[in-house]
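Down below is the structure, laid out as structure tokens.
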Protein chains: 2
Amino acid sequence: MANSPSGDSVIGRVVRILDTFSADRTVQTASDIGRRAGIPVSTAHRLVDELVTAGVLERDDEHRVRLGMRLWELALRGSTALRLRQAALPHMEAVQAAIREHTQLAVLEQGEALFLERLSHPDAGANITRVAGRLPLHASSSGLILLAHADPAVRDRILSQPLRPLGPGTVTDAATLGRRLREIRRSGVVIAPGSIEAVSTGVAVPIRDAGSVIAALSIVLPRDADPAPAVSALQSAATRIEADLKFSFPIQ
Amino acid sequence: MANSPSGDSVIGRVVRILDTFSADRTVQTASDIGRRAGIPVSTAHRLVDELVTAGVLERDDEHRVRLGMRLWELALRGSTALRLRQAALPHMEAVQAAIREHTQLAVLEQGEALFLERLSHPDAGANITRVAGRLPLHASSSGLILLAHADPAVRDRILSQPLRPLGPGTVTDAATLGRRLREIRRSGVVIAPGSIEAVSTGVAVPIRDAGSVIAALSIVLPRDADPAPAVSALQSAATRIEADLKFSFPIQ
């Protein structure tokens, strides 16, 4: 019932439709969506109509569609992401007030670092992370924290793949990265100069819940800044977030 | 293809499944979901399996499911809600730093005020709003701003329905509410003592984009606080948010 003749489920197609939207592409026609999602145009039009009826997409006066507020509500209202982010936000604000640079919260999702929150100081430098954006685990400071504490199967998979350089400081040798991850587990902190951008240093620490690392908290500093105050602010914030999580609910 | 024999589309059922999750119910079994969504248990199990495969839901060790990080990513990455919220957040932080009470951002969604963001000061008083939560338009200060500037058809519908009291100060008489809305359009501000909770006063102002009111920015004050500093902080923040929106993209 739910499958097309090709065996492609309606749910799979809807996910592919939603996946065509991005920070740089917030409005599209149904035909464009079909083409980008690899769905026949007539099917795309019918599914888009149904998604508009359900409020998942919203249509404008020019018959183009965008992601609906209703989808935002359904995705957030009961989500672990929202509860983790709400627990972290006040402490991220304290970090930002002290260090005055970009402050991020990330989780491990499908082999990448997915950013749940980013606070940006008006005077802060370059930073490519975006809320709901992703970065490779081996290159971003948050990703290195998440990778160091990931399931060994995830670690083995990442280490067996080509490690693409994003910046001049990205570790691209698997043996070196493996040693680096052991060192991160021992020290509890990542300091990654130039790993993504030559002009920046990522600093990150883990956030634990019930003993497991569930997220990474990070700051992007100018390359020449002393990382010590950032490490201290992040560690203090992580401790407070962990305490608040203990009184709220288990994340995993 | 996408419809069950009852004419209920897969998309409609998926929305009903997602709608069973809430801030107080983040983990459920497929059977519970089916019962709450009014979907036969066998169908619910099959749809939940498909949603887990797609990453929209995540399954835990006890075979219960929760909303997935992938759903959060798909809903936010290209969303108007995220871009509006990102434009507003730094200015909401400034309001909160000055007034030290709850600061909220809301939009009109399906005849209610839907809250996109809430910043809470540790010392702030009672406040029932939640991120991704809703409040009635006629009772909340944000809702009154949104209702005053809503499409006349939305206003007529709300004014023709029973206006349920939420607090001792809720306006429940349609003629009085109609006059109040005209006054709000004239003054550009809502000050609503006891409209939701007897101990609080909601204060709200509109945020405009391309001439239209697209959101409301609000503060919840203790009932006996002077609202003047809050009004001034909100108006100044709204002006700055509107300026930032002008340089980003049209919201509607």
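Taking amide H as placed 1.01 Å from N in the peptide plane, the amide H of A:I214 sits under 5 Å from that of A:I207, A:R208, A:D209, each at least 5 places away or on another chain. Looking only at other chains, what is the average number of their beta-carbon atoms within 10 angstrom of each beta-carbon in A:53-65? Per-residue shielding by partner chains comes out at 2. For the peptide B:82-93, the mean number of other protein chain Cβ atoms found within 10 angstrom of a residue's Cβ is 3. Shown for A:R223: label points 7 Å from Cα along the beta-carbon vector, and their distances to the equivalent points in the other copies, 6.0 nm in ascending order. What's the local net charge at A:G194, with K and R +1, D and E -1, over the other residues with C-beta under 13 Å away? With Lys, Arg at +1 and Asp, Glu at -1, the neighbours total -1. Distances, shortest first, from the label point of A:A210 to those at the same position in the other copies read 4.7 nm; the point lies 7 Å along Cα to C-beta. Taking Lys and Arg as +1 and Asp and Glu as -1, the other residues whose beta-carbon sits under 13 Å from that of B:T239 total 0.
Charge tally for B:A174 (other residues, Cβ to Cβ under 14 Å; Lys, Arg +1; Asp, Glu -1): +4.
With a ≥ b ≥ c taken as the square roots of the eigenvalues of the C-alpha gyration tensor of region A:10-74, please select rounded if a/c is under 1.5 and otherwise prolate if a/b is larger than b/c or oblate if it is not? Here region A:10-74 falls in the rounded category. Note: relative contact order over chain A, using C-alpha pairs below 8 Å and six or more positions apart, is 14 percent.
Could you check which residue among A:S195, A:S236, A:S22 shows the biggest mean-square fluctuation in a GNM of chain A with a 10 Å Cα cutoff? Between A:S195, A:S236, A:S22, it is A:S22 that shows the largest mean-square fluctuation.
Angle, helix A:228-246 long axis vs. longest principal axis of chain A, Cα atoms, 0 to 90°, nearest 10? That works out to roughly 60 degrees.
Using alpha carbons only, how many angstrom separate the centre of region B:133-165 from the centre of region B:199-252? Region B:133-165 and region B:199-252 have Cα centres separated by 17 Å. The angle between the Cα long axis of helix A:10-19 and the main principal axis of chain A comes to about 60°, on a 0 to 90 degree scale.
Per DSSP H run of at least 4 residues, take -39500 (n - 2.57); add these up for chain B, divide by its residues and hand me the 222 nm value, nearest 500 deg cm²/dmol.
When only DSSP H runs of four or more count, the value is -13500 deg cm²/dmol.
Read the figures in this text as sums done on the coordinates, not as results from a lab. Predicted model, so just to flag it, every value in this text is computed and none were measured. Heads up, the Cβs are rebuilt from the backbone with ideal geometry, glycines too, and the neighbour counts pull from every protein chain shown.
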